[in-house]
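First up is the structure itself, then whatever we jot down about it.
No lab work stands behind these numbers, since they all come straight from the coordinates. Worth saying up front: this structure is predicted, and the values here are computed from it rather than measured. Cβ: placed from backbone, ideal geometry, glycine included. Neighbour counts: every protein chain shown.
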Amino acid sequence: MNTATAFADFRSYPLISALTAVQALADRVQVQWADGRSSPFHHQWLRDNCPCSHCVYSVTREQVLEIVDVAEDLAPASSRIDAQGCLSIDWQDGHLSRFDPGWLRAHAYDDESRAERRARRPQSQLWDSRLQLPVFEYQALMEDPQALLQWLLAVRDIGLTQVRGVPTEPGSLAQVAKRISFIRESNFGVLFNVQSKADADSNAYTAFNLPLHTDLPTRELQPGLQFLHCLVNDAEGGESIFVDGFAIADALRREDPEAFRALCEIPVEFRNKDRHSDYRCLAPVIALNAVGEVAEIRMANFLRGPFEASVDDMPRLYRAYRRFIAMTREPRFRLTRRLNPGELWCFDNRRTLHARNAFDPASGARHFQGCYIDRDELLSRILVLQR
């Protein structure tokens, strides 16, 4: 069995192992699998996840049932493996629930099943100056879903990629970005032009060097992906520099755990102000996810407000902040490349810090275009392509 119609989902779940036995216990049903695994399912969990058309709207595959509308002590009148190999539950109130074994195994929460799922979760591949840069061809990404998927997996897992062969007409970047999803607009526009100009509203629109940073740390949610597309690059200088913020955080955690804790615990305010806007966000430099893994780096010294911490924490914060920036300057972490016309960077802006060497605008024209897409859109696109 491997069909999407048997459960409340758009994905298909392969039959890893067949159900062989069911045991009714006081508050749960214990099932046995053909490979010897045993999985308990509490009564409330089973009733809550019933995929029938009364509990889930078949068009949207979204749940209609709210568990509070079911008796807290509801128990099965009977449970069995039916002729199709599904777990069937006849509830005491007359409701029938039927669970596809592929779906049930994929969502089992015994220790062994949960450990399997944790092991299969995507893992960030940390990198340093020795990174073999993942490079992809524009035409393949525009025409081949498998090539597109491989690119997006590299963006997800490595956080830095290059695409070559992109047309150099202004606006061409949008067609590449929309292969993932819609573009996130900011106060800099949908597509923004990175050029030196006299009335700059960001240091990015000057000719001097930009230190390593993430874009828009002043927002509650920093953009997930950033694209930079080279249209013209005749100026001397202006090389792109990247570091893997996750790799630096990992090294900091091992080499200086007290500094790592300070950057996770003490919030810093970032500010972005011009004549028409004033954005501010108070958040730590390093954010962890629900299981303690580094999930986000927030850093742009040129967009930082004065530190506001307790008297005891201020020296601790400065020591950690200085250490983090010093590590971004270490050659072991830095990857430096010059972007040529028809090439673009696509990188995880909440992970990969980027910088630019100063350039001489008198030596030639330099015109990049950029845009943002949220990380959620990348992850959604990957899942849809995979299914």
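Nearest 10 degrees is fine. How inclined is helix 111-120 to the longest principal axis of the chain, computing both from alpha carbons?
That helix lies at roughly 30 degrees to the long axis.
Who wins for biggest fluctuation among Asp128, Asp93, Asp250 in a Gaussian network model of the chain, springs between alpha carbons below 10 Å?
Asp93
Are there cysteines in the chain with no second cysteine's Cβ under 4.7 Å away, and if so, which?
If one checks each Cβ against the other cysteines of the chain, Cys52, Cys86, Cys230, Cys264, Cys281, Cys346, Cys371 turn up with nothing under 4.7 Å.
Which residue fluctuates most in the GNM of the chain (Cα springs below 10 Å): Asp312, Asp244, Asp374?
In the Gaussian network model the winner is Asp312.
Could you tell me what % of all Cα pairs in the stretch 150-280 have separations over 26 Å? Intermediate values should be presented prior to the final figure.
On the way: 2973 of 8515 pairs.
Summing the P(r) tail past 26 Å for the stretch 150-280 gives 35 percent.
Exposure proxy check: Ser79, Ser172 ranked by fewest other beta carbons within 10 Å? Walk me through the intermediate numbers first.
Details: Ser79 21, Ser172 17.
Lowest count first: Ser172, Ser79.
The stretch 288-329: which trypsin sites (Lys or Arg not before Pro) are DSSP loop and have at most 14 other beta-carbon atoms within 10 angstrom?
Details: sites: Arg298, Arg304, Arg316, Arg319, Arg322, Arg323, Arg329; in loops: Arg298, Arg329.
Passing both the DSSP loop test and the Cβ count: Arg329.
Please list, in chain and number order, the residues 5+ apart from Leu160 or on another chain whose amide H is under 5 Å from its amide H, with Hs placed from the backbone.
So Leu160 has HN proximity to Asp348.
Which residues' amide hydrogens lie under 5 Å from the amide hydrogen of Ile16, considering only partners 5 or more residues apart or on another chain, with H built in the peptide plane?
For Ile16, no residues qualify.
How tilted is helix 145-157 with respect to the longest principal axis of the chain? Cα atoms for both, answer in degrees (0 to 90, nearest 10).
Approximately 80 degrees, to the nearest ten.
How many times 2.2 N^0.38 Å is the alpha carbon radius of gyration of the chain? Could the numbers behind the result be given before it?
Working: Rg = 25.8 Å, N = 387, 2.2 N^0.38 = 21.2 Å.
Dividing the Cα radius of gyration by 2.2 N^0.38 Å gives 1.22.
What is the helix-to-structure angle for 375-386, meaning the angle in degrees between its Cα long axis and the longest Cα principal axis of the chain, kept from 0 to 90 and rounded to the nearest 10?
Value to nearest ten degrees: 50.
Could you work out the Kirkwood radius for the stretch 345-387, taking every pair of different alpha carbons, averaging 1/r and inverting it, reported in Å?
On the way: mean 1/r = 0.0735 Å⁻¹.
Every distinct Cα pair counted, the radius reaches 13.6 Å.
Which of His354, His367 has the fewest other C-beta atoms within 10 Å, and how do the rest follow up to the most? Don't skip to the answer; put the middle values down first.
Details: His354 21, His367 18.
Starting with the residue having the fewest Cβ neighbours, the order is His367, His354.
Taking Rh as the Kirkwood radius computed over C-alpha pairs, what is the Stokes-Einstein D of the stretch 19-116 at 10 °C in a medium of viscosity 1.306 mPa s, expressed in µm² per second? It would help to have the intermediate numbers written out before the result.
Numbers: Rh = 13.9 Å.
Roughly 114 µm²/s, to the nearest whole number.
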